[in-house]
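Working notes, beginning with the structure itself.
Bear in mind that the values in this text are calculations on the coordinates, not laboratory data. Since we're looking at a predicted model, the values are computed, not measured. All Cβ positions, even for glycine, are placed from backbone atoms using ideal geometry, and neighbour counts span all protein chains on display.
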Amino acid sequence: MPTRPRACPLPVSVPLMGTVIGFYDGIFGPGTGSFFTICFVTLFGLGLTRASGHTKALNSVSNLAALAIFIPAGDVVWSAAIAMAIGQLAGGYIGARTGIRYGAKIIRPVVAVVSIAPALKLIFSAKACWLRAT
C-alpha cells in the first residue's frame, strides 16, 4: 500500500519504468536497483523499506532473464555466477532482516552511499584517465 499518493498513474508509469530501466539494465547494468527504488518511491509512493523489497524481486527477475539468454549461448562463467548468487542470497537475507528491524533510518543512508560511491569512482577514474592522456 502506498505511503503517499502516486505521482503517475500505473498504466503510464509501469510500462515506462520497465522499458527505460530494462533497457539500461540490458546495456549497462550497475545501479539498476537504485533506479528501481527511486521509481518505486517517487512514482508509486512506496516507503523506502517496501520499495527496496520490490526492487529485490525485480532484480531477481532481471538476473533470471539474463541467464535465460547467456546459458544457451555458453557465456556464463559458472564459478563467478555461483559466488555472486551466494553473495546475493546472503546480502538479500541480511538486508531484509536489517530493513525489517530498523526500517528506513538505516536503508536511506545505505542507498545514498551505494548510489553515490560508484558515481564518485567513475568520476575519479575518468579524471585519472583524462590526466594520463594529456
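Please list, ordered by residue number, the helices (runs of 4 or more DSSP H) wholly in the stretch 1-81 having 3 or more residues that are of a type in the set (A, V, I, L, M, F, W, C) and buried (at least 16 other Cβ atoms within 10 Å of the Cβ).
Output list reads 32-42, 48-73.
Taking D75 as meeting all but one of (1) over 23 Å from S13 (Cβ atoms); (2) touching a Gly at 6+ places or on another chain (Cβ under 6 Å); (3) not basic (K, R), write down the number of the exception.
(2)
Any residue in the stretch 6-22 that is of a type in the set (S, T, Y) and out of contact with any helix residue (DSSP H, G or I) (no Cβ under 9 Å at 6 or more places or on another chain)?
Yes.
Hey, could you check the stretch 15-32 for residues that are under 19 Å from A119 (Cβ atoms) and free of Cβ contacts under 8 Å to residues at least 60 places away in the same chain and say which is nearest to the chain's Cα centre (by Cα)?
Selected residue: T32.
If the Cβ limit is 9 Å and pairs must be 6+ apart or interchain, which residue in the stretch 70-88 that is within 23 Å of A57 (Cβ to Cβ) pairs with which residue that is among the acidic types (D, E) and not in a helix (DSSP H, G or I)?
So the pair list comes out empty.
Is it the case that T55 is touching a Phe, Trp or Tyr at 6+ places or on another chain (Cβ under 7 Å) and closer than 25 Å to R101 by Cβ?
When the stated conditions are applied, T55 passes them.
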